[in-house]
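What follows is a short report on a single structure.
The values are calculated or read from the model by the stated rules, or taken from the named source; none is laboratory data. In this text, all values refer to a predicted model and were calculated from it rather than measured experimentally. Methodologically, a virtual Cβ is constructed for each residue, glycine included, from the backbone with ideal geometry; neighbour enumeration extends over all protein chains shown.
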Amino acid sequence: MRLGIDLGGTKTEIIALADDGRELLRQRIPTPQGDYLATVMAIAGLVENVENTLGQRGSVGIGIPGAESLATGLIKNANSTCLIGQPLKRDLQALLQREIRLANDANCFALSEAVDGSGQDAGIVFGIILGTGVGGGIVINRQVLTGANAIAGEWGHNPLPQPSADDLPLPPCYCGRAGCNEAYLSGPALAADHFRHARQTLTTGEIDRLAASGDAACEASLRRYEDRLGRALASVINLLDPQVIVIGGGLSNIQRLYRTLPETCRPHVFSDAFSTKFLPPTHGDSSGVRGAAWLWD
């Protein structure tokens with residue numbers, strides 16, 4: 001039995017998978033806010049409860065909104081700031097009395113879709129998150145690529161390629177730099193860009209719906225977004241050349257992206273042929289927690 005845990009900023013979810021991938025049980029609880037010790041105890045409690053309910057012991061994989069430093073073993077780059085600088089893996093292994101595996105939540109998303117989702121027949125899968133932030137994970141032959149610095153796939157903090165007049169001035173990013181892909185391509189960035197041009201405060205879903213009904217300002221905002229996303233993903237394609245890019249996060253619900261991305265990427269891809277597929281996730285919001293379980297494969 002494989003246990004996967006998705007440690008999010010607002011909720012923590014656990015799933016139990018049988019060896020063939022069948023879901024045996026799933027539970028979700030609110031994540032303790034700003035309290036590291038309470039978070040550790042909540043995770044241990046979920047594992048204990050699921051194992052008692054199912055009457056068997058499982059491997060444990062955990063997806064986190066950050067990464068484990070390969071130098072110190074402490075958590076870095078985490079949106080949930082109470083995790084930063086903490087020995088999460090060591091503490092959980094002591095409590096659960098077994099080895100556990102940690103990975104970035106975007107890596108877990110990509111792994112889930114590569115194992116038994118939209119990218120299951122592909123050798124190279126790039127899974128991207130387009131939501132409150134912008135993240136990514138790389139899976140090669142069903143193995144997550146972590147990298148020498150545990151930042152493989154972090155395309156959100158590359159600079160947007162070839163900024164045009166419409167892209168200036170470079171927007172600030174929370175990481176302290178300006179002009180990052182995340183500062184253009186996250187959900188809040190799309191909404192902010194629309195406000196700058198149209199002076200309308202709309203959600204990304206509203207922008208999408210109004211564009212579909214013929215609103216010219218919303219259509220223009222989505223075209224700018226698609227052009228930027230195409231440039232940003234083309235730089236990844238030129239490096240990794242994945243067969244499949246799976247799009248997750250709230251913006252994955254904008255269905256036109258799957259049609260327009262081949263067009264906006266193609267001029268920037270260094271090849272005479274372009275066959276990368278852009279697909280929605282098979283498992284939707286469940287991909288992160290399923291991928292955490294598949295860390296033991």
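Numbers below:
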read-out	value
Filter pass, Leu37 being outside the structural domain of Val246 (by TED's automatic domain parsing) and either out of contact with any strand residue (DSSP E or B) (no Cβ under 9 Å at 6 or more places or on another chain) or assigned to a strand (DSSP E or B) (or both)	yes
Qualifying residue in segment 54-61 (condition: of a type in the set (Gly, Ala, Ser), in a strand (DSSP E or B) and within 14 Å of Ala292 (Cβ to Cβ))	yes
Test for Gly249: is it surrounded by 17 or more Cβ atoms within 10 Å (Cβ to Cβ) and more than 16 Å from Asn181 (Cα to Cα)	no
Residue identified as farther than 21 Å from Gln162 by Cβ and in contact with a Leu (Cβ under 8 Å, 6 or more places away or on another chain) among Val289, Val246	Val246
Residue in segment 10-33 that is under 20 Å from the mean Cα position of the chain (by Cα), surrounded by 13 or more Cβ atoms within 10 Å (Cβ to Cβ), under 17 Å from Ile100 (Cβ atoms) and of a type in the set (S, T, N, Q) present	yes
Positions within segment 215-259 being among the small types (Gly, Ala, Ser) and closer than 23 Å to Leu168 by Cβ, in sequence order	Ala216, Ala217, Ala220, Ser221, Gly230, Ala232, Ala234, Ser235
Test: residue in segment 160-179 that is touching a Phe, Trp or Tyr at 6+ places or on another chain (Cβ under 7 Å) and among the small types (Gly, Ala, Ser)	no
Identity of the residue in segment 66-85, among the small types (Gly, Ala, Ser) and not in a strand (DSSP E or B), that ends up farthest from the chain's Cα centre (by Cα)	Ala71
